[in-house]
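The structure appears right after this line, and notes come after that.
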Amino acid sequence: MNWTIREAKPTDITEIMQVMDAAKKIMRQSGNMHQWGDGYPSEAVIFSDMEKHGGFVIEDGSRIVGYFAFLPSPEPTYSKIYDGEWMDDNLPYHVIHRIASYPEAHGIFSTIMDFCFSHDANIRIDTHKDNRIMQHNIKKHGFTYCGIIYLASGDERLAYQKLNFRT
């Protein structure tokens, strides 16, 4: 794999939305019927990531094969966590949202993690309880389950954190 990660540009939106559609199809095929419904993530959400310089694409040559958001704290929906606690609730962190790729792009999650941890050692991520694929990848990459957070919509998510500080 000769993937590169770069900041997403507004001209990428059509390809990004195609990746999102492919990711939704993977979710539905794996039994995750409720996450990313009702047009989410919309173009407006992706453009918002870009405006914050937190939207990124993964390219294979010149073809976009993946997308993710990597945004600095604070994440408003992480201010309260239930049935647990964050590993560290004082240091700044980054959050990873909206990971999506084509089904044939194996290893995207590892590539994203390498990129993100090269920029911050304190990362949080969340996922839907039915997203078994994402839960597997999150745990495989050393994240610790911390509890439950609720999105602005009221939807429940499983929350994880990884501290990767070198001593």
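The values are calculated or read from the model by the stated rules, or taken from the named source; none is laboratory data. What you are looking at is a predicted structure, and each value in this text was computed from that prediction instead of being measured. Virtual Cβ from ideal backbone geometry, glycine too; neighbours counted across all protein chains shown. For accessibility, only protein heavy atoms count, side chains too; no ligands or nucleic acids. Shrake-Rupley method; radii C 1.70, N 1.55, O 1.52, S 1.80 Å.
Per-structure values
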{"read-out": "Scan of the range 2-31 for residues that are among the aliphatic types (A, V, I, L, M), more than 11 Å from Glu59 (Cβ to Cβ) and touching a helix residue (DSSP H, G or I) at 6+ places or on another chain (Cβ under 9 Å), ordered by number", "value": "Ile13, Ile16, Met17, Met20, Ile26, Met27"}
{"read-out": "Selection count, the range 1-29, where residues are of a type outside the set (S, T, N, Q) and part of a helix (DSSP H, G or I)", "value": "16"}
{"read-out": "Close pairs from the range 64-86: first under 17 Å from Asp49 (Cα atoms) and without any contact (Cβ under 8 Å) to a residue 40 or more places away in the chain, partner basic (Lys, Arg) and exposed (fewer than 14 other Cβ atoms within 10 Å of the Cβ), Cβ under 8 Å, at least 6 apart", "value": "Leu71/Lys52"}
{"read-out": "Residue within the range 107-125 that is surrounded by fewer than 17 Cβ atoms within 10 Å (Cβ to Cβ), among the polar types (S, T, N, Q) and part of a helix (DSSP H, G or I) present", "value": "yes"}
{"read-out": "Residue within the range 93-100 that is surrounded by 15 or more Cβ atoms within 10 Å (Cβ to Cβ) and farther than 23 Å from Arg157 by Cβ present", "value": "no"}
{"read-out": "Within the range 70-79, tally of residues that are in a loop (DSSP other than H, G, I, E, B) and open to solvent by 80 Å² or more (accessible area, probe 1.4 Å)", "value": "2"}
{"read-out": "Some residue of the range 34-56 being in contact (Cβ under 8 Å) with a residue 12 or more places away in the chain and part of a strand (DSSP E or B)", "value": "yes"}
{"read-out": "Set Tyr82, Tyr67: member being closer than 28 Å to Thr144 by Cβ, touching a strand residue (DSSP E or B) at 6+ places or on another chain (Cβ under 6 Å) and loosely packed, with under 14 Cβ neighbours inside 10 Å", "value": "Tyr82"}
{"read-out": "Among (1) part of a helix (DSSP H, G or I); (2) closer than 22 Å to Lys25 by Cα, the one test that Lys129 misses", "value": "(1)"}
{"read-out": "Qualifying positions in the range 128-139 - without any contact (Cβ under 8 Å) to a residue 40 or more places away in the chain and open to solvent by less than 40 Å² (accessible area, probe 1.4 Å)", "value": "Met134, Gln135, Asn137, Ile138"}
{"read-out": "Leading residue by the ranking (surrounded by the fewest Cβ atoms within 10 Å (Cβ to Cβ)) among those in the range 15-38 that are more than 17 Å from the chain's Cα centre (by Cα) and on the phi > 0 side of the Ramachandran plot", "value": "Asp38"}
{"read-out": "Which numbered condition Pro103 fails, given (1) in contact with a Cys (Cβ under 8 Å, 6 or more places away or on another chain); (2) closer than 28 Å to Asp12 by Cα; (3) open to solvent by 30 Å² or more (accessible area, probe 1.4 Å)", "value": "(1)"}
